[in-house]
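Step one of this worksheet: look at the structure below.
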Amino acid sequence: MNLTTNILAAASEDSGIFHITFDWPIFFSQLFGFAVIIFIIVKYIAPPVGRLMAKAQNNIQKQIDDNEAAATRLVEAKRAYDNAVSDAQAELEHIREDARIDAERIVAKMREFADAEVARVRSQGRDQIAQMRTQLIRDLKADLIDTVLDSTEEKVRYEIGSTHVAADSIDKFLEDLEAMANAEPPIRRRAQPWAL
């Protein structure tokens, strides 16, 4: 502390409080040194630093532009996605509607086919029933005729087997023959005019 007090006391004795002197050769040499430093900075340091700064600014600007383009693409992609989703929903509704219409058409065709098949089966069944009925009627008629003929034959044999019926039959046959002999047949009468 003593040293500092001595220096301050010596400075204040010379010219009062902080006496500043101006020395021109030192000023010019310092000014020349400052100019050389500025020249070196401007000539050799500033251009690379400027290029680096320009490159950094360009990179930053490019990143900003890329970010803006990415944001724009993101917005467009979101819009395209929303449009695609709405188109997909519309297409899904369209497909559902087409599927419903196709299903209704298929059901209608299946009903028509089933109705036609039922009608065909009914028709075949009716035809078969009619054929079976016709065959049954034929069989019944044949059986009835056979039964009637058998019964008639049996009765005729029984009747012919009795003597008075046989005599009556013979008498009746002879009478019929005699009546036929006395009567002129119609074929003869027609043939006579041609015979002339």
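For this structure, a couple of remarks:
- Accessible area of segment 13-123 divided out per residue, in Å², using a probe of 1.4 angstrom: 90
- Mean silhouette area of segment 34-89, derived from the convex hull of its C-alpha atoms and averaged over all directions, reads 4.1 nm².
- Stretchable slack from Q57 to H19, in nm (0.36 nm times residue separation minus alpha-carbon distance): 8.8 nm
The values are calculated or read from the model by the stated rules, or taken from the named source; none is laboratory data. Predicted model only: the values in this text are computed from it and were never measured. Note: areas computed on protein heavy atoms with side chains; ligands, DNA, RNA excluded. Shrake-Rupley method; radii C 1.70, N 1.55, O 1.52, S 1.80 Å.
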